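The values are calculated or read from the model by the stated rules, or taken from the named source; none is laboratory data. Model, not experiment: these values are computed from the prediction. Here the Cβ positions follow ideal geometry from the backbone for every residue, glycine too, while neighbour counts run over all protein chains shown. Ligands, DNA and RNA are stripped out before the accessible areas are found, and what is left, the full protein with its side chains, is counted by its heavy atoms. Shrake-Rupley method; radii C 1.70, N 1.55, O 1.52, S 1.80 Å.
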Amino acid sequence: MQLRPFKLERYFAKYEFNTQYLLCSSDCEAMSVADLLSLEEGAAEKFQGVWLGYTESQGSPALRKEISKIYETIQPEEILVHTGAEEAIFLFMHAALKAEDHIIVHTPCYQSLTDVAKSIGCDVSRWQAREENSWVLDLSELRKLLQPNTKAIIVNTPHNPTGYLMPRADYDALHNFVQENNLLLFSDEVYRESEYDPATCLPAACDMGDHAVSLGVTSKTYGLAGLRIGWIATKNKKIYESMASIKDYTTICNSAPSEFLAEVAMRNRGKLVERNLGIIKANLTIMDEFFARHSSLFTWVRPQAGSMAFPKFLEGNIEEFCDTLVRQAGVLLLPGTMYDDTGNHFRLGLGRKNLPQAVERLEEYLKA
Ligand SMILES: Cc1ncc(COP(=O)(O)O)c(C=O)c1O
């Protein structure tokens with residue numbers, strides 16, 4: 001297994017903990033353990049009693065019950081809890097694919113969605129979202145990418161990094177295509193429930209049939225990345241069992257304190273979503289004004305969901321711009337090249353409370 005370095009994660013490793021303003025984070029503002037526990041009467045006392053033994057490999061029954069409430073038809077036994085969404089991506093690819101299988105992946109994307117499959121020896125085709133098309137995925141292009149050895153399609157909506165949300169009609173057509181061709185759909189839904197208009201929230205893929213696996217996590221919409229709790233939800237017993245079996249070789253089970261805290265979080269996810277969407281929407285207003293003031297330097301396709309956008313830098317080279325910005329002003333933006341993007345885009349994070357100060361610093365830098 002040959003895995004190339006994870007470009008985006010390496011970039012963050014270099015800057016995340018020594019830069020004043022992170023203006024490109026994908027997660028929403030986090031909170032302390034005390035603040036999370038205060039969401040629920042009696043939770044702080046119960047937390048003291050959490051038993052620090054091994055937990056059930058598929059995730060604690062209480063946590064799986066809370067997670068299953070996100071879905072329409074999914075039962076707790078159809079949820080498999082992991083250490084972050086990242087572990088679930090790794091296990092899905094290993095459970096579903098073998099060398100020389102072909103997969104089609106929505107790109108640009110979070111690198112593990114292509115690279116774990118490549119490391120297994122799979123052939124990966126990019127289903128490319130394009131800015132000139134407002135990052136919309138074109139279903140006619142998908143049809144052309146199908147091969148006799150295609151096993152799975154991987155999509156991510158709401159999308160990292162563009163904030164694209166697939167329209168319902170396209171989503172239904174995608175599911176039909178997957179079913180007609182006897183494929184699997186791996187649906188990365190880690191930004192689900194962060195749609196700016198709740199009416200546009202798509203049904204979870206796992207609720208559409210056993211051809212699909214939905215991926216969720218506490219890190220993004222709910223702002224609790226430090227819990228490292230992710231999950232898959234699926235009616236596909238074969239995939240579920242194979243992922244559970246490989247998990248015995250990665251983490252065996254999850255962290256007991258994190259499972260308890262994630263259970264509290266999921267029970268109160270409405271409050272977390274309200275808080276985090278409030279931050280995102282206030283930040284969007286600031287960014288609308290910023291881009292209006294700097295239209296000769298930047299263009300953007302305004303996102304429809306999630307905590308990110310993928311604007312374009314119109315002057316100069318984006319890697320150089322980000323590099324000087326972080327060194328001279330202490331503001332971190334993520335060059336699109338970390339996604340193998342060649343269009344001079346950068347990732348902008350919208351989920352952090354200090355975005356107004358970060359943007360102020362960015363503007364001082366632009367004026368200087
Ligand atoms: C689309 C997508 N999937 C999966 C992950 C992994 O999530 P986690 O870091 O919580 O494991 C990320 C993280 O940025 C992501 O953006």
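Can you tell me the FRET efficiency between Trp51 and Glu29 if r is taken as the Cβ-Cβ distance and R0 is 30 Å, rounded to the nearest 0.05?
The value I calculate is 0.50.
Which of Leu145, Leu215, Leu184 moves the most in a Gaussian network model of the chain with Cα springs under 10 Å?
Leu145
How much length is gained on full extension from Ser38 to Gln357, taking 0.36 nm per residue of separation minus their Cα-Cα distance?
112.0 nm
Could you report the chain's accessible area per residue, 1.4 Å probe, as an integer in Å²?
Dividing the accessible area of the chain by its residue count gives 42 Å².
Quick one: what are the phi-derived ³J(HN,Hα) couplings along the stretch 105-112, Karplus 6.51/-1.76/1.60 with θ = phi - 60°, whole Hz, x for glycine and proline?
With the stated coefficients, the stretch 105-112 comes to 10, 4, 10, x, 8, 4, 4, 5 Hz.
Quick one: putting +1 on the C-beta of Lys and Arg, -1 on the C-beta of Asp and Glu, what dipole do you get for the stretch 256-368 around its Cα centre, in Debye to the nearest 20?
Here the stretch 256-368 has a charge dipole of around 520 debye.
Taking only the alpha-carbon positions of the chain and ignoring solvent, what does the Debye formula give for the base-10 log of I(q)/I(0) at q = 0.11, 0.14 Å⁻¹?
-0.76, -1.23
How much of the DSSP bridge set in the chain is antiparallel, in percent, rounded to the nearest 5?
Bridges in the chain are about 45 percent antiparallel.
If each of Asn181 and Arg275 carries a label point 7 Å out from its Cα toward its Cβ, how far apart are those two points in nm?
Here the answer is 4.2 nm between the modelled labels.
On a full-extension model of 0.36 nm per residue, what is the gain between Lys237 and Arg126, subtracting their alpha-carbon distance, rounded to one decimal in nm?
Using 0.36 nm per residue and subtracting the Cα-Cα distance, I get 37.2 nm.
Expressed as a rounded percentage, what relative contact order does the chain have, with Cα pairs under 8 Å and six or more residues apart?
26
With +1 on the Cβ of every Lys and Arg and -1 on the Cβ of every Asp and Glu, and nothing else charged, how large is the dipole of the stretch 297-346 about its Cα centre, in debye rounded to the nearest 20?
240
Please list, in order along the stretch 263-274, the HN-Hα scalar couplings obtained from phi with the Karplus expression 6.51 cos²θ - 1.76 cosθ + 1.60 (θ = phi - 60°), rounded to whole Hz, x for Gly and Pro.
Listing the rounded values in order: 5, 4, 4, 5, 5, 10, 5, x, 5, 5, 5, 4 Hz.
Taking θ = phi - 60°, what integer Hz values does the Karplus form 6.51 cos²θ - 1.76 cosθ + 1.60 yield along the stretch 171-182, in sequence order, with x for Gly and Pro?
Couplings: 5, 5, 5, 4, 4, 4, 4, 4, 5, 4, 9, 6 Hz.
For the chain, which whole-number percentage of the solvent-accessible area (1.4 Å probe, protein heavy atoms only) is attributable to carbon and sulfur atoms?
51
Evaluate the charge dipole of the stretch 194-317 about its Cα centre and quote only its size in Debye, nearest 20, assuming +1 on the Cβ of each Lys and Arg and -1 on the Cβ of each Asp and Glu.
Charge dipole, the stretch 194-317, about its Cα centre: 100 debye, nearest 20.
Quick check: residue separation of Asp170 and Gln147 times 0.36 nm, minus the Cα distance between them. What number comes out in nm?
6.2 nm
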